[in-house]
Amino acid sequence: MAHPATLIPWLAEQLGVEPVGWTPVGGGCIHNAWRLDLADGRRLFAKTNGASSLPLLEAEADGLRALAAAAGDEGPRVPVPLACGMSGPSTVLVLPWLDLARGRSAAHEPQWRRLGAALAALHRRSLTRRCVAEDRVGAAFGWPRDNVIGSFPQRNGWEADWGRFFVQRRLAPQLEHLARSGQPLRQASVLLERAGQWLADHHPDPCLVHGDLWSGNAAISGDGQGVIFDPAVHRADREVDLAMARLFGGFPEAFFEGYQHTWPLPSGHRARRDLYNLYHLLNHANLFGGSYVGQSAACLDALVERGERADGA
């Protein structure tokens, strides 16, 4: 794949800019990331990869545009793509450069609280906002195109029933792939049968969600604004974003306080949290293997056992 120096003609054609310097940026595990320095002192952020990764970067660009459309003035800052496409044998996504604050100290609690409130505003605004041309506002769960969660395919399409969507388009593909790879989970069929029943009485609004909202995909900028990026967007129960925000170390509690103050979650959200986060554990098991397989199995078994206790009550 191309070094940024080889992208200069493409950048000049797409954006009318030519970087005078480029620095590798860490943090990602799929693409190469770069800081591009321009002659006028501005900076851009670029991701590059091989030609086969074009659908991944196009899906990311699509998701960022959708989030920005739903965010409005009250939502979090979203880096809107500047260019996305092929430059020779390489695929490239160019975004505005963001100066991000480091750490999650108590000094940043007000900013995280505002970010929680901003996410609630984005979720609520998306209910009446068409975020892409083929969006089905308020009518169904899903997305007009398949995309990815990390690098794993995320099946979308449209479904009127939330429980059916989550079971068939989220849990089932992950469990099926894990089984094909030789690591079937013992109670997978039981979970798939019962998960829809557990969600049958829950009727969420089809909000636009970030879809991959772990703590590495959100930050506070240097000027104190909350920023979200690297999405896996679709229309879903808004609780999936709040559930994942508590996974893998989670967000500061101030974030959840800000969200709850702006748009409180309905009763039962704590009971649904583990079911929603099973999707992400399974995704990590499929992408990285190792201890994530055991974590997925333990979470699945606990969900089935809890369901059996509830049925016997």
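The values are calculated or read from the model by the stated rules, or taken from the named source; none is laboratory data. Not measured: the values here are computed from a predicted model. We place every Cβ from the backbone using ideal geometry, glycine too, and count neighbours over all the protein chains shown. These accessible areas exclude ligands, DNA and RNA; they are computed on the full protein's heavy atoms, side chains included. Shrake-Rupley method; radii C 1.70, N 1.55, O 1.52, S 1.80 Å.
Miscellaneous remarks
- Hey, Ala68 open to solvent by 20 Å² or more (accessible area, probe 1.4 Å) and small (Gly, Ala, Ser) or not: yes
- Listing of strands (runs of 3 or more DSSP E) fully contained in segment 1-81 that carry 1 or more residues being farther than 18 Å from Thr91 by Cβ and in contact (Cβ under 8 Å) with a residue 60 or more places away in the chain: 32-38
- 1 or more residues farther than 23 Å from Gly72 by Cβ: qualifying strands (runs of 3 or more DSSP E) within segment 137-248: 147-149, 152-154, 157-159
- Only one entry in Ala61, Ala68, Ala121, Ala83 is touching a Gly at 6+ places or on another chain (Cβ under 9 Å) and under 19 Å from Leu44 (Cα atoms), namely Ala68.
- Listed by first and then second residue, the pairs with beta-carbon distance under 6 Å, at least 6 apart or on different chains, first residue in segment 198-219 and open to solvent by 20 Å² or more (accessible area, probe 1.4 Å), second among the acidic types (Asp, Glu), are Pro204/Asp237.
- Residue match in segment 90-106 (condition: open to solvent by less than 20 Å² (accessible area, probe 1.4 Å), touching a residue at least 24 places away in the same chain (Cβ under 8 Å) and part of a helix (DSSP H, G or I)): no
- Qualifying residue in segment 143-162 (condition: of a type in the set (Val, Ile, Thr), within 17 Å of Phe229 (Cβ to Cβ) and either in contact with a strand residue (DSSP E or B) (Cβ under 9 Å, 6 or more places away or on another chain) or open to solvent by less than 30 Å² (accessible area, probe 1.4 Å) (or both)): yes
- Matching option when the condition is more than 25 Å from Pro9 (Cβ to Cβ), at pLDDT 95 or above and more than 18 Å from the chain's Cα centre (by Cα), among Arg102, Arg113, Arg124: Arg113
- For segment 123-136, filtered to residues that are part of a loop (DSSP other than H, G, I, E, B) and either charged (D, E, K, R) or in contact (Cβ under 8 Å) with a residue 60 or more places away in the chain (or both), the residue that is surrounded by the most Cβ atoms within 10 Å (Cβ to Cβ) is Cys131.
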